[in-house]
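Report on one structure; see the data block that follows.
The values are calculated or read from the model by the stated rules, or taken from the named source; none is laboratory data. What you see is a predicted model, and the numbers here were worked out from it, not measured in a lab. A quick note on method: Cβ atoms are made from the backbone with ideal geometry, for glycine too, and the neighbour counts reach across all protein chains shown.
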Amino acid sequence: MELVDERVQNPTRNKTQHKAKEKYVALYKYKQYLSNSDDGAFDALHSPGATTLHSGIYRCEGCGHEVVSEGGKPLPPQNHHQHSTAQGKILWRLAVYAQSK
Ligand SMILES: [Zn+2]
């Protein structure tokens with residue numbers, strides 16, 4: 001039996017699948033807890049291991065993998081997960097900005 005990396009061969013979410021779209025997107029239930037923003041923080045791409053500027057959910061540009069990262073701590077490193085050649089290198093983009101008082 002050949003072992004394959006399911007994240008590369010079959011990039012669908014395991015826990016909660018969205019049938020309508022085969023895309024990785026952050027999920028939420030109560031819309032009153034999220035608000036749209038055009039903050040430039042969502043445009044920046046961050047290298048693996050870079051210091052997290054804003055606490056929140058970060059999305060890998062190459063494969064859509066999502067992680068939670070805390071401000072001031074490093075984003076996941078290069079060896080966090082494997083990419084195919086087509087997926088390119090890991091770059092993290094802020095997807096959901098966690099606000100704190
Ligand atoms: Zn990735």
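Out of the range 50-79, which residues are in contact (Cβ under 8 Å) with a residue 40 or more places away in the chain and within 9 Å of the ligand (Cβ to nearest atom)?
CYS63, GLY64, HIS65
For the range 28-45: of the residues being within 11 Å of LEU94 (Cβ to Cβ) and not in a loop (DSSP other than H, G, I, E, B), which is nearest to the ligand (Cβ to nearest atom)?
Per the criteria, the residue is LEU45.
What are the pairs with Cβ atoms under 6 angstrom where one residue, in the range 80-99, is more than 8 Å from the ligand (Cβ to nearest atom) and the other, located anywhere, is basic (Lys, Arg)? Sequence gap at least six, or different chains.
ARG93/ARG59; ALA95/ARG59
Please tell me if PRO48 is surrounded by 12 or more Cβ atoms within 10 Å (Cβ to Cβ) and modelled with pLDDT of 95 or more. I'd like the intermediate steps shown before the answer.
Working: surrounded by 12 or more Cβ atoms within 10 Å (Cβ to Cβ): yes; modelled with pLDDT of 95 or more: yes.
When the stated conditions are applied, PRO48 passes them.
From PRO48, PRO76, which residue is farther than 16 Å from SER100 by Cα, touching a Gly at 6+ places or on another chain (Cβ under 8 Å) and assigned to a loop (DSSP other than H, G, I, E, B)?
Working: PRO48 fails: touching a Gly at 6+ places or on another chain (Cβ under 8 Å).
The unique qualifying residue is PRO76.
Within the group TYR28, TYR24, which residue is modelled with pLDDT under 95 and surrounded by 12 or more Cβ atoms within 10 Å (Cβ to Cβ)?
Matching residue, one of TYR28, TYR24: TYR24.
Select, from GLY56, GLY64, the only residue that is within 9 Å of the chain's Cα centre (by Cα), among the small types (Gly, Ala, Ser), closer than 18 Å to ALA26 by Cβ and buried (at least 16 other Cβ atoms within 10 Å of the Cβ). Full working, then the answer.
Details: GLY56 fails: within 9 Å of the chain's Cα centre (by Cα).
After applying the criteria, what remains is GLY64.
Name the single residue, out of those in the range 83-101 being charged (D, E, K, R) and part of a loop (DSSP other than H, G, I, E, B), that is nearest to HIS46 (Cα to Cα).
Taking the range 83-101 and keeping what is charged (D, E, K, R), we get 89, 93, 101.
Within this subset, residues satisfying the condition of being part of a loop (DSSP other than H, G, I, E, B) are 89, 101.
Working: LYS89: 11, LYS101: 25 Å.
Residue satisfying both the conditions and the ranking: LYS89.
I'd like the full set of residues that are basic (Lys, Arg) and in contact with a Lys or Arg (Cβ under 8 Å, 6 or more places away or on another chain), limited to the range 59-101. Explain how you work it out, then say what you get.
Residues of the range 59-101 basic (Lys, Arg): 59, 73, 89, 93, 101.
Residues satisfying the conditions are ARG59, ARG93.
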